[in-house]
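The values are calculated or read from the model by the stated rules, or taken from the named source; none is laboratory data. Keep in mind it's a predicted model, so treat the numbers as computed, not measured. Methodologically, a virtual Cβ is constructed for each residue, glycine included, from the backbone with ideal geometry; neighbour enumeration extends over all protein chains shown. For accessibility, only protein heavy atoms count, side chains too; no ligands or nucleic acids. Shrake-Rupley method; radii C 1.70, N 1.55, O 1.52, S 1.80 Å.
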Amino acid sequence: MNWNTKITGFSDEIAPDLKTQVESFHRLGISHIEMRGVDGNNLIYHNDAKVREIKNYLDGNGITLSALGSPLGKIGITDDFAPHFQDFQRAVEIAHMMDTPYIRMFSFYLPAGSTPEEYEGPVFDRISKLVEYAGSQEVVLLHENEKGIYGEKAAECKKLMNEFYGTSFRCIFDFANYIQAGEDTLEAYHLLKPYISYIHVKDALKENGKVVPAGMGDGMLPEILSDLHQSGYQGFLSLEPHLFQFTGLSELEKTEHKSLVDAKPLSGFEAFSLAHSSLMHILNEL
């Protein structure tokens with residue numbers, strides 16, 4: 001299948017150090033990284049000298065960044081926003097230094113027992129400030145859903161897109177995250193399809209939320225990836241394995257998911273390689 005898209009991924013799931021991350025991606029034939037943790041810290045918390053060192057190493061090894069896997073928006077909606085906004089401004093600086101327009105972000109954790117409607121005003125106020133600044137700096141915020149934040153479910157993500165979607169604010173679609181939020185991934189996908197500019201590839205089981213290789217869970221990956229391709233999607237497919245407790249495809253087939261409960265740990269490279277081969281199997285089948 002010929003896709004006008006590229007494979008990338010969270011290389012810190014292989015190892016914390018940059019050298020091992022890059023060597024591992026070379027082994028898998030991947031030339032892009034969605035950089036989150038590297039050499040002991042999230043990329044956005046490194047100083048300029050370290051960022052230049054990382055960039056030079058990536059350039060020298062033919063690797064480019066698909067996005068900054070930042071933790072922006074992963075604070076409580078009632079927490080002080082000012083220092084977080086400073087972190088955001090720093091992330092924008094680093095995005096420019098790393099030659100990527102994309103910054104992954106979230107929409108703030110809600111107090112326990114509250115509803116999204118109760119905090120929609122404060123969430124929208126903060127997001128508006130982030131989007132306005134992103135626009136002035138020519139970067140793109142990629143919003144990801146996650147359990148416990150305002151945009152946990154597709155309906156709230158759609159509200160965010162209705163309000164802010166544009167050149168500076170787009171949608172990440174993550175199959176497993178919607179399953180873990182109790183959502184039907186196909187319904188979530190069709191609701192958010194017009195706004196999707198980036199894909200996180202991980203699958204999960206409805207019965208317990210456990211992450212499994214792409215195509216082995218309830219995320220409807222083959223159906224959705226096929227529809228994306230037919231619709232002309234040209235963005236990234238970013239591997240985020242989360243498979244450290246997975247025994248392998250053969251065990252999954254034998255026990256119908258039961259092996260996931262007491263699975264032995266995989267190495268970082270083994271987990272990432274499994275995630276990569278599972279995705280490639282889907283693309284080849286399509």
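Seen from a random direction on average, the alpha-carbon convex hull of the stretch 170-241 projects onto 4.2 square nanometres. The calculated FRET efficiency for the pair residue 17 and residue 45, based on their C-beta separation and a Förster distance of 22 Å, comes to about 0.85.
Rounded to the nearest 0.05, what FRET efficiency do residue 112 and residue 80 give with R0 = 30 Å and r taken as the Cβ-Cβ distance? Could you check? Once rounded, the FRET efficiency stands at 0.95.
Determine the per residue accessible area of the chain with all protein chains present and a 1.4 angstrom probe, expressed in square angstrom. Let's see the in-between values first.
On the way: 12160 Å² over 286 residues.
Accessible area per residue, the chain: 43 Å².
Looking at the stretch 1-128, send over the antiparallel percent of its DSSP beta bridges, to the nearest 5.
Counting only bridges with both partners in the stretch 1-128, antiparallel ones make up about 25 percent.
Remark: the stretch 79-121 projects, on average over all directions, an area of 3.9 nm² (convex hull of Cα atoms).
Quick one: if the Förster radius is 35 Å, what FRET efficiency do residue 120 and residue 5 give, using the C-beta to C-beta distance and rounding to 0.05? List each step's numbers first, then the result.
Numbers: r = 33 Å, r/R0 = 0.95.
After rounding to 0.05, the efficiency reads 0.55.
For residue 129, the aspartates and glutamates whose Cα comes closer than 17 Å to its Cα, not counting residues fewer than 8 places off in the same chain, are 79, 80, 87, 93, 120, 138, 163. Where a Cα-Cα gap under 30 Å defines reach, which lysines qualify for residue 6, not counting those fewer than 8 residues away within the same chain? Within the straight-line limit of under 30 Å, residue 6 reaches these lysines: 19, 50, 55, 74, 147, 153, 158, 159, 193, 202, 206, 210. Each principal axis of the Cα cloud of the stretch 29-94 was evaluated for its coordinate range; sorted largest first, these ranges are 43, 25, 20 Å.
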